[in-house]
Amino acid sequence: MNELTVNYFRKPRKKGEKKKPKTGALKKKAWKAFSEYIRTRDCLKTTGLPDYGRCITCSKIVPKTLLQAGHFIPGRHLANLFSEKGTHAQCYNCNINLKGNTLEYRRQIIKLYGEGVDTELETIAKQGKQIKPFEYEEMIKDFLNRTKELTKGGTMKAISASILEGEQK
Ligand SMILES: [Zn+2]
């Protein structure tokens, strides 16, 4: 193909069209998929049920729909945003009102992963990181698949609701 034909086949860019219009939308989607994965993971881990989970910092049992994916390290730095060890299911009160409940969060990180992991996560969070659109696309697929994998045997919705309703008070 010579230069002329290459130019012929190149799609003209419209006026005012941005080069990478998709990154923001992909990031949002990736976050949604990640949050779903984290909350499902922690529900199963803390209650054995797919739709109820314990808040990592106050250990209250909350329906999955009311749980948030809360970061150990506040601020949405890209190197920390999708950290699987640094993000856990957390209730609204701990995540928002108590700004992450960080003292207790640190205790739980150490309990879960061992001494030093808390500071390791802090070091990682400070690093600069870029995520390319195709990487976001891979992350979205990956998190959705892993969530599906986790909930494969999840047929206990009705049971879990009736069992746990009492414990929430
Ligand atoms: Zn909480």
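The values are calculated or read from the model by the stated rules, or taken from the named source; none is laboratory data. Keep in mind it's a predicted model, so treat the numbers as computed, not measured. Using ideal geometry, Cβ is built from the backbone for each residue, glycine included, and neighbour counts are taken over all protein chains shown.
Could you tell me whether any residue of the stretch 74-81 is within 16 Å of the ligand (Cβ to nearest atom) and surrounded by 22 or more Cβ atoms within 10 Å (Cβ to Cβ)? Can you show your working first?
At the first step, the residues of the stretch 74-81 found to be within 16 Å of the ligand (Cβ to nearest atom) are 74.
After this cut, where a residue has to be surrounded by 22 or more Cβ atoms within 10 Å (Cβ to Cβ) as well, the list is none.
Looking for residues that are within 16 Å of the ligand (Cβ to nearest atom) and surrounded by 22 or more Cβ atoms within 10 Å (Cβ to Cβ), one finds none in the stretch 74-81, hence no.
Got at least one residue in the stretch 128-151 being away from the ligand (no atom under 16 Å from the Cβ) and touching a Pro at 6+ places or on another chain (Cβ under 8 Å)? Yes, because at least one residue in the stretch 128-151 is away from the ligand (no atom under 16 Å from the Cβ) and touching a Pro at 6+ places or on another chain (Cβ under 8 Å). Screening residue 28 with (1) under 17 Å from the mean Cα position of the chain (by Cα); (2) crowded, with 18+ Cβ neighbours inside 10 Å gives one miss only, at (2).
Taking the stretch 47-60, which residues are more than 8 Å from the ligand (Cβ to nearest atom) and surrounded by fewer than 18 Cβ atoms within 10 Å (Cβ to Cβ)?
We begin by selecting, within the stretch 47-60, every residue more than 8 Å from the ligand (Cβ to nearest atom); these are 47-54.
Of everything in the stretch 47-60, just one residue is more than 8 Å from the ligand (Cβ to nearest atom) and surrounded by fewer than 18 Cβ atoms within 10 Å (Cβ to Cβ), namely 48.
Of 108, 68, all but one fail to be within 15 Å of the ligand (Cβ to nearest atom) and more than 25 Å from residue 24 (Cβ to Cβ); the exception is 108.
Does residue 169 satisfy the condition of being modelled with pLDDT under 95 and either touching a His at 6+ places or on another chain (Cβ under 6 Å) or within 16 Å of the ligand (Cβ to nearest atom) (or both)? Yes: the conditions hold for residue 169.
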